[in-house]
Amino acid sequence: MASLYLIRHGQASFGSDNYDKLSPLGQRQADVSGEYFSKIGLRFDRAFSGDLVRQRETAERILSVQDTPPLLQIDPRFNEVDNEGQIAGLLPILSARDSEIMERAKG
């Protein structure tokens, strides 16, 4: 049976000139994750990432410890989620189904 692993990117560089890169802690998080997966014998056959720098760098660091890492496939559909857009789209639907949600949204 196949397994799917979803790994969030390491800590970004909040407060810096370029947020879209890993902070030193984020780099360490990715490195430790890769070391852990290697230690437990987990090998990835395929790997995907969004096109944000922090996403790609996390994936590259995790995969770098594999003897033969898979080609990292970039797909922008893995980029950050538009939470405000999702709420705006879903709130009318959910409010129509549940009056308590509608009342909370009004408040």
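Below, the figures for the structure above:
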{"item": "Hey, Tyr5 within 12 Å of the chain's Cα centre (by Cα), surrounded by fewer than 17 Cβ atoms within 10 Å (Cβ to Cβ) and of a type in the set (Ser, Thr, Tyr) or not", "result": "yes"}
{"item": "Residue in segment 47-58 that is outside any loop (DSSP other than H, G, I, E, B), in contact (Cβ under 8 Å) with a residue 40 or more places away in the chain, within 29 Å of Met1 (Cβ to Cβ) and open to solvent by less than 90 Å² (accessible area, probe 1.4 Å) present", "result": "yes"}
{"item": "Candidate set from segment 8-31 (those that are under 11 Å from Val53 (Cβ atoms) and among the hydrophobic types (A, V, I, L, M, F, W, C)); member that is surrounded by the fewest Cβ atoms within 10 Å (Cβ to Cβ)", "result": "Ala12"}
{"item": "Residues of segment 1-34 satisfying the condition of being charged (D, E, K, R), farther than 17 Å from Asn79 by Cβ and in contact with a helix residue (DSSP H, G or I) (Cβ under 9 Å, 6 or more places away or on another chain)", "result": "Asp31"}
{"item": "Evaluation of Thr58 against (1) within 13 Å of the chain's Cα centre (by Cα); (2) over 19 Å from Asp31 (Cβ atoms) (one fails), failing number", "result": "(2)"}
{"item": "Residue ID - farthest from Leu42 (Cα to Cα), chosen from residues in segment 63-107 that are part of a helix (DSSP H, G or I), in contact with a Gly (Cβ under 9 Å, 6 or more places away or on another chain) and of a type in the set (A, V, I, L, M, F, W, C)", "result": "Phe78"}
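The values are calculated or read from the model by the stated rules, or taken from the named source; none is laboratory data. Just so it is clear, the model here is predicted, and its values are computed rather than measured. Note that each Cβ is placed from the backbone with ideal geometry, even for glycine, and that neighbours are counted across all protein chains shown. Protein only, heavy atoms only, side chains kept; ligands, DNA and RNA dropped before computing areas. Shrake-Rupley method; radii C 1.70, N 1.55, O 1.52, S 1.80 Å.
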